[in-house]
Amino acid sequence: MSIYYLDNYHILILQALLLHLIKGKVRRCSRNLDSLYYISMSTGMSIATAYRKALDLMNLGLIERVSKGHYVITTKGVLLLAMMYLSNGGSINKDVFELAIDKLREDWDLEEFDRNEVISYLKLLYKGFNKAGLSPLNANVNSLSNSVYYVLPDGINNGRISLTHSIAEYLGVSIDEVKQAERVIAKALLDYLPSIRLRDGCRAVVVLAGDQSIRVSPVILAIKCRIRGYSLNSDCPVALSLIHKAFNE
C-alpha cells in the first residue's frame with residue numbers, strides 16, 4: 001500500500017520495537033522499550049538515520065519517546081504492521097504479523113478472543129479503510145471502540161436490516177466473513193455506542209425500529225450475554241423481554 005508513506009528504515013524500526021517489546025515481556029523486564037542505538041547496531045542503520053526515521057514515526061503517532069534515545073511502539077504502529085501484512089506487504093513476515101496480533105489483543109482488551117477472530121476483524125477493518133480511502137495513519141485506532149467506526153455502514157440505527165448483513169453488504173464481503181469476526185464487532189460496539197445493563201446482568205446496545213409516529217420496537221444490535229457471550233442482532237427471548245419491560249416502565 002503506497003499510502004502508508006513508509007520506507008524500509010521505518011519498517012525496520014517498528015519491527016525492532018515490537019520484537020523487543022515481546023521479548024521484554026517473556027523475560028519479565030520492567031522496561032519494555034528499546035534504544036535507537038541498539039536498533040542501529042543490530043540493523044546496520046546509521047544512528048543519524050535511525051533518529052531521523054524515528055522522528056517521522058513519532059510525528060505519525062506510530063512510536064512514542066519514553067526517555068532519551070528510548071522508544072516504544074504504539075497501538076497504531078502495531079496495527080500498521082498487521083495491515084501491511086494483510087496488504088501482502090513483502091517486508092512483513094508471518095512471525096511479525098502474529099506478534100502484532102497478540103499485541104493488539106492486549107491493547108484492545110481482546111485476550112479472551114483467539115487470533116483467528118482478531119485476524120477476521122482486521123480483514124474487515126482493512127476493507128473499511130480501503131473503502132474510505134484511508135490507512136491507519138489517517139485513522140483513530142488507538143482503541144477497539146474507535147476502530148469499529150470504519151467497518152460500520154451508515155444507517156445502522158434503524159434496526160431494519162440485520163447488522164451482519166449490512167456490514168457484509170457495505171464492505172463487499174460474505175456473511176461468513178462477518179460472522180467470523182462477530183464477537184469482536186459486538187464487543188467493539190458495546191464500547192463504542194451507549195448500552196444498557198439488563199436485570200439479568202447482560203449488557204446490550206439497543207435501537208428502536210419502526211415508524212415512530214405509529215409504533216416502534218427495540219432491536220438488539222449487540223449484546224454480551226452472561227450465558228452466550230458476545231453476539232450481534234440477538235433474538236434471545238429473555239433479553240428482549242427484559243428490554244421491552246425496561247422501555248415500558
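The values are calculated or read from the model by the stated rules, or taken from the named source; none is laboratory data. Since the model is a prediction, treat every value here as computed from it, not as a measurement. Glycine also receives a Cβ, built like all others from the backbone with ideal geometry; neighbour counts cover every protein chain displayed. With ligands, DNA and RNA removed, areas are computed over all heavy atoms of the protein, side chains included. Shrake-Rupley method; radii C 1.70, N 1.55, O 1.52, S 1.80 Å.
Numerical summary
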{"item": "Test: residue in the range 115-134 that is open to solvent by 10 Å² or more (accessible area, probe 1.4 Å) and within 9 Å of the chain's Cα centre (by Cα)", "result": "no"}
{"item": "In the range 200-225, the residues that are open to solvent by 30 Å² or more (accessible area, probe 1.4 Å) and at pLDDT 80 or above", "result": "Arg203, Lys224"}
{"item": "Members of the range 87-102 that are farther than 20 Å from Gln180 by Cα and either at pLDDT 95 or above or not acidic (Asp, Glu) (or both)", "result": "Asn88, Gly89, Gly90, Ser91, Ile92, Asn93, Lys94, Val96, Leu99"}
{"item": "Every pair of residues 6+ apart whose Cβ atoms lie under 9 Å, when the first sits in the range 124-137 and is on the phi > 0 side of the Ramachandran plot while the second is open to solvent by 20 Å² or more (accessible area, probe 1.4 Å) and part of a helix (DSSP H, G or I)", "result": "Gly133/Ile3"}
{"item": "Where Asn93 falls short, out of the listed (1) surrounded by fewer than 19 Cβ atoms within 10 Å (Cβ to Cβ); (2) under 30 Å from Asp191 (Cα atoms)", "result": "(2)"}
{"item": "Residue check for Ala186: open to solvent by less than 60 Å² (accessible area, probe 1.4 Å) and at pLDDT 85 or above", "result": "yes"}
{"item": "Selected residue [open to solvent by 20 Å² or more (accessible area, probe 1.4 Å), touching a residue at least 40 places away in the same chain (Cβ under 8 Å) and out of contact with any strand residue (DSSP E or B) (no Cβ under 9 Å at 6 or more places or on another chain)] from Asp56, Asp107", "result": "Asp56"}
{"item": "Count of residues meeting criterion [assigned to a helix (DSSP H, G or I), modelled with pLDDT of 70 or more and either polar (S, T, N, Q) or under 23 Å from the mean Cα position of the chain (by Cα) (or both)] in the range 13-51", "result": "13"}
{"item": "Options Leu125, Leu104: the member that is outside the structural domain of Ala222 (by the TED database) and of a type outside the set (Phe, Trp, Tyr)", "result": "Leu104"}
{"item": "Options Ser174, Ser145: the member that is farther than 19 Å from Leu79 by Cβ and surrounded by fewer than 20 Cβ atoms within 10 Å (Cβ to Cβ)", "result": "Ser174"}
{"item": "Residue in the range 91-105 that is part of a helix (DSSP H, G or I) and hydroxyl-bearing (Ser, Thr, Tyr) present", "result": "no"}
{"item": "Filter pass, Asn142 being assigned by the TED database to the domain that holds Leu190, over 20 Å from Asp176 (Cα atoms), at pLDDT 90 or above and out of contact with any Pro (no Cβ under 8 Å at 6 or more places or on another chain)", "result": "no"}
